[in-house]
Amino acid sequence: MNKIILLILFVNFKVYAQGEHSSFKKGEKLEYKIHYGPLAAGIARLEVKTINNQYRFIATGKSTGLFNLFFKVRDSYESIVDKTNLHPNQFYRDVKEGSYKKKESVFFNYKLQQAESTRDTIPLPKNTQDILSIFYYLRAQNFDTLKVGESFPFQIYLDDEFMESNLYYLGGDTLKTKFGWIPCTKWAPELETGRVFKDDYGMNLWISDDANKIPVQIKTKVLVGSIKMDLIKYYGTIEPLKELIE
């Protein structure tokens, strides 16, 4: 479940921020409620910490309620990232989803230009991100010059391979949330079909159109049903969410 959520956040823009990044900071915490169709399915949390003058990004997800009775999920992800260029240095994953379990540890060796995991070593392309670090890399970008309908390539490390695709900008939108009406930018990633997702563009993502640039809502179609994810709590952001005043 958490893997599906993280897959939506990948794009390879030119990085412009230096050192500390204006869209997030140490201490930020985001919490989301996940629905699978009509069922309240789980909770996902994202947190920003630091370690040895690096960012330490942490993501956890767990199933709740009735969904937890027939499909128990306990997922955790961690990415250790360079503070200046936001390149990942290490990535960890511990996934328990029903009967499926997987642990993964990856070291990004820039000197030898290779990604070294617990199972394999593969060449490391330029501007690579992992499944968690790219979420924050995306938030550090300047979207001011984007035009509606433009698409951008992205590349990400996952399961000992690099995934390439495109993200499409759909323009501005406003979204009704528990915090009020929030101005957002809307996106549609091109997705790999036949495994989890129902069609190539079956996902929409709304990101707050403010200094925080955090996902406010996500909707996606999967092979069986649909998933919806809503922001329900946030702490330690650069600024409060920008709300439209009626």
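Any read-out appearing in this document is the output of simple, stated calculations on the displayed coordinates, not a laboratory observation. From a predicted model like this one, the values you see are computed outputs, not experimental measurements. Cβ coordinates were reconstructed from backbone atoms using ideal geometry, including for glycine residues, and neighbour counts include every protein chain displayed.
Odds and ends about this structure:
- Qualifying GluC sites (Glu not before Pro) in segment 123-195, where qualification requires a DSSP coil assignment and no more than 16 other C-beta atoms within 10 Å, comprise 150, 192.
- Convex hull volume per residue for segment 29-101, taking Cα atoms only, in Å³: 96
- Around the amide H of residue 184, modelled in the peptide plane, lie the amide H atoms of 173, 174, 175, 209, all under 5 Å away and 5 or more residues distant in sequence or on another chain.
- Mean Cβ count within 10 Å, highest first, over the residues of peptides 112-125, 33-46, 204-217: 204-217, 33-46, 112-125
- For segment 129-158 versus segment 26-52, the gap between their alpha-carbon centres in whole angstrom: 19
- Quarter of the Cα convex hull surface for segment 62-165, i.e. its orientation-mean projected area (nm²): 8.9
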